[in-house]
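Working notes, structure below.
No lab work stands behind these numbers, since they all come straight from the coordinates. Keep in mind the model is a prediction, meaning the values are calculated, not measured. Here the Cβ is made from the backbone with ideal geometry for all residues, glycine too, and neighbour counts use every protein chain on show.
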Amino acid sequence: MNRKFLVVDDSVTMRRIVVNTLKSIGYDQFVEAQDGKDALDKLVSDTEINFVITDWNMPVMSGLELTKAIRSADSTKALPILMVTTRGVKEDIVQALQAKVSNYVVKPFTPQILKDKIDLILSN
Amino acid sequence: MSESVKSLNDIVDKLHEMDNVFKFGEKMIPVIEAFVSFITDFIPFIEQVSGSIEETRSKIPEASNQLDKVTNATELAMTEVLDKIDEISALLGELTESINELVEHRVSAENLVNELYQELGENEKAKILVRKIIEQMDVSLTLELMKNKVNNIMSSTDQITMSLQVQDITAQQLAAVNHLIISVQQKLGGLLNAVSATGIHVNEDLKQEKLPNVHFDANASYNPSANQQVDVDSIINNEKASQEEIDKLFS
């Protein structure tokens, strides 16, 4: 599958889990970033990235700020963004939707949930 | 009344006022003495309290560091567990390939034995033996069971991987506690500064601790139930529907 994922999370464990899950569902190209700022740098240096999976709570730049930054730049505004976070209350979800995330997954997630969300985003 | 008499009356009034002030002062002296005595007794108490605050405050960075160490240690341990899971997954992949090869070999061998059976012609004794060989070779059920067991182990490793997400969730909870105790340290620092401003000696280095630049979800909780995602999806669908309705109004 011709997809290159940018996995953004300040937790090394979570990045490993997301990458392992992506491998288990058939993807094989990944770039990792530890916060929103790092992610923006990676997007500039690697133009092959065509899917972003990001956590919300991160130092330096949060996932929400990252989403807004991606959506405000012409070169990246169409990128699919999947928010994967512990924040499951309605106010947070609405805030993420207003920032134009493509979809939203709460931790802990199963490989099936991640796969379904990626498939749904790509089918749209 | 002449001007001189009026002036004298004013002076007398002022003297009465002064007399009253002195009388009041005489009455107040014991109260002021008691107040000074109270303050004198109270200063050592404040110094003692500020000493306790200093001691408590000095322990907070250690507690905060301990929490950071817990987070780092669990993250390291989780990385090791994930390394092992990767190894197990790779081995299970190899095992699955080996089982598939066995299945292919068995099918090839069975085809050859079937050909041999056809070549035996009227040799009934040999045919019986070949049939027995075919029966002995039929390990398809065993291989199927092996494949199922491998799949079950793979499913268990996926489950373990999912459960390891608890590390991120507990790390956020610990970060929330850390943030709280550093806030307490800041407040205690402010209190010590206030005490120091009164002239009472405070040993503590009064520089204010800055809150660390950490971001966390204080409400993070580990809930492996699929219902959580169902609830989130329901909110997303409702919100998208209402946004679409709003968009229609503007289009």
ask   = Which Cα, out of B:Pro44, B:Thr71, B:Met18, lies furthest along the positive dipole direction of region B:17-79 (beta carbon charges, K/R +1, D/E -1)?
value = B:Thr71
task = Inverting the mean 1/r over all pairs of different Cα atoms, compute the Kirkwood radius of the protein assembly as shown and quote it in Å.
result = 27.7 Å
Quotient of C-alpha Rg and 2.2 N^0.38 Å, computed over region A:1-43 = 1.11
query = Under 24 Å from the Cα of B:Lys59, which lysines turn up, not counting those fewer than eight places away in the same chain?
reply = B:Lys69, B:Lys187, B:Lys207, B:Lys210
message = Only sites in a loop by DSSP and with at most 14 other Cβ atoms within 10 Å count here; which GluC sites (Glu not before Pro) in region A:1-77 make the cut?
response = A:Glu48
key: Neighbouring partner chain Cβ atoms per residue of B:69-76, average, 10 Å criterion   = 1
inquiry  = Kirkwood hydrodynamic radius, computed over distinct alpha-carbon pairs, for chain B: how many Å, to one decimal?
reply    = 29.1 Å
message = When only alpha-carbon atoms are used, what values of Rg and Dmax, in angstrom, describe region B:130-200?
response = 31.6, 106
query = Based on the Cα coordinates of region B:1-128, what is the per residue volume of their convex hull in Å³?
reply = 315 Å³
query = So which of A:Lys37/B:Lys240; A:Lys23/A:Lys68; A:Lys4/A:Lys77; A:Lys77/A:Lys107 end up more than 18 Å apart, counting from Cα to Cα?
reply = A:Lys37/B:Lys240; A:Lys23/A:Lys68; A:Lys77/A:Lys107
ask   = If amide H atoms are built 1.01 Å from N in the plane of the peptide, which residues on other chains or at least 5 residues away come under 5 Å of the amide H of A:Val105?
value = A:Met83, A:Val84, A:Thr85
request  = Give me A:Ser123, A:Ser45, B:Ser50 ranked fewest to most by other Cβ atoms within 10 Å of their Cβ, as a rough exposure proxy.
outcome  = A:Ser123, A:Ser45, B:Ser50
ask   = What ranking do B:Met154, B:Met28, A:Met58 get, fewest neighbouring Cβ atoms within 10 angstrom at the top?
value = B:Met28, B:Met154, A:Met58
request  = Give me a single rounded figure for B:218-225: the average over its residues of other chain Cβ atoms within 10 Å of their Cβ.
outcome  = 4
request  = Enumerate by residue number the GluC sites (Glu not before Pro) in region B:115-159 meeting two conditions: DSSP loop (anything except H, G, I, E, B), and at most 11 other Cβ atoms within 10 Å of the site's Cβ.
outcome  = B:Glu122
ask   = Looking only at Cα atoms, what is the convex hull volume of chain A per residue, in Å³?
value = 96 Å³
query = Roughly how many whole Å is it from the C-alpha centroid of region A:38-65 to that of region B:57-132?
reply = 36 Å
query = Which whole-number percent gives the relative contact order of chain A, counting Cα pairs below 8 Å spaced six or more residues apart?
reply = 23 percent
